[in-house]
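As structure tokens, the structure follows; a few thoughts come after it.
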Amino acid sequence: MGAPDFWDNQETAQEVVGQLKSLKSVCAPMTELLGKQEDLSALIEMADEDESIESDVRSELESIEKELDSLELKALLNGPNDANSAIMTIHARDGGTDANDWAEMLLRMYSNWAQANEYSIELLDRNDNDEAGINSASIAIRGAMAYGYLKGETGLHRLVRISPFNSEGKRQTSFAAVDVTPEISDSIEIDIDEKDVRTDTYRASGAGGQHVNKTDSAIRLTHEPTGVVVQCQTQRSQHKNRAQAWKMLRAQLARLEEEKRESENSANYQSKARVGFGSQIRNYFLHPDQRVKDVRTGHYVGDFQRVLDGDIQGFLDALLNWRAKEG
């Protein structure tokens, strides 16, 4: 990074900066822990002579154990793409307008989590529903280990509540599907035959001024061998939307390859239910009581609003531990 020409290629430079952040996210806490270990040894020696220091020893030990637990979780993020940034797509599913509203609530939840953890967010695609909420949206969450933490969020998220869109005040169940893929560097080869990809252009919708509604700037790519479809419409330039759509397609295909490798390498894969894009993974209840529960790990939070405000780290950590035990 100290080279005079380091910033000549912005994209390559940003990749190196990302690698540095990933390494620092593990190395810096480890260095700090080693220093605390020395401090703890000194405190224990002092406590042998002065019993009043015993509370300080307990406090320091608890702090070290907490940081060590966090490092052990990061050590579980050892997949080929776990250190990468993430591309997340959210689709409204069954439930009518409630599902569209629910999809937008999830978009806000993940955005809040990302901001709280100092990740950057870029809106790649957003398709608003005419009445409320969104039909779909895609965002890039960039920073160290974003994909590693979020990849387990892929699946169906179920909401049960009294519908604000039902004049009779009936209870409504709605679903939204979340899909998470790693953001892949252009320097990494992903074998895609351009003949296998169909390109469609269309007029962008939603915010962006009059220009987006007058030109076919939005891009949709369909990889016909796998059926993977991606789209991008947030840029005014068709060229930029096309470039971003290709990045999203490469990310989707890289995730499929990762799942294929995992299935081949896992001895007990066939005996385990596959958690995928169409699998229900979490229930969110606003009625008859407020609670959120993960169907895989059993992790439970009795404060619906706190979770929707972005406090989902407990679910992410619980899944990492669950996968470690299952794997």
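Test N112 against the criterion of being within 15 Å of H91 (Cα to Cα) and surrounded by fewer than 21 Cβ atoms within 10 Å (Cβ to Cβ), and give yes or no. So N112 fails the test. Only one of the numbered conditions (1) modelled with pLDDT of 85 or more; (2) in a helix (DSSP H, G or I); (3) within 29 Å of A144 (Cβ to Cβ) is not met by K195, and that is (3). Taking the criterion of being under 14 Å from the mean Cα position of the chain (by Cα) and free of Cβ contacts under 8 Å to residues at least 60 places away in the same chain, the residues of region 131-179 that qualify are A137, I139, A140, I141. Consider region 224-243 and keep the residues that are out of contact with any His (no Cβ under 6 Å at 6 or more places or on another chain), assigned to a loop (DSSP other than H, G, I, E, B) and on the phi < 0 side of the Ramachandran plot. The one that is surrounded by the most Cβ atoms within 10 Å (Cβ to Cβ) is Q233. Residue-level check: of (1) surrounded by fewer than 19 Cβ atoms within 10 Å (Cβ to Cβ); (2) more than 18 Å from L77 (Cβ to Cβ); (3) of a type in the set (S, T, N, Q), N117 misses just (2). Scanning region 1-13 for residues that are loosely packed, with under 13 Cβ neighbours inside 10 Å, closer than 25 Å to D82 by Cα and not acidic (D, E) turns up M1, N9, Q10. The requirement of being among the β-branched types (V, I, T), surrounded by 15 or more Cβ atoms within 10 Å (Cβ to Cβ) and assigned to a loop (DSSP other than H, G, I, E, B) is fulfilled nowhere in region 136-151; no residue meets it.
Considering every residue within region 271-278, establish whether at least one is at pLDDT below 80 and part of a helix (DSSP H, G or I). Yes - at least one qualifying residue is present in region 271-278. Residue pairs whose Cβ atoms lie under 7 Å apart, sitting 6 or more positions apart in sequence or on different chains, and linking a residue in region 26-48 that is within 16 Å of S59 (Cα to Cα) to a partner that is not hydrophobic (A, V, I, L, M, F, W, C), are L33/E67; K36/E60; D39/E60; L40/E60; L43/D56; L43/E60; A47/E54. Among the residues in region 300-307, are any at pLDDT below 85, in a loop (DSSP other than H, G, I, E, B) and closer than 19 Å to R161 by Cβ? Checked against the condition, which is being at pLDDT below 85, in a loop (DSSP other than H, G, I, E, B) and closer than 19 Å to R161 by Cβ, region 300-307 yields no hits at all.
The values are calculated or read from the model by the stated rules, or taken from the named source; none is laboratory data. In this text, all values refer to a predicted model and were calculated from it rather than measured experimentally. Ideal geometry is used to build each Cβ from the backbone, glycine not excepted, and the neighbour counts take in all protein chains shown.
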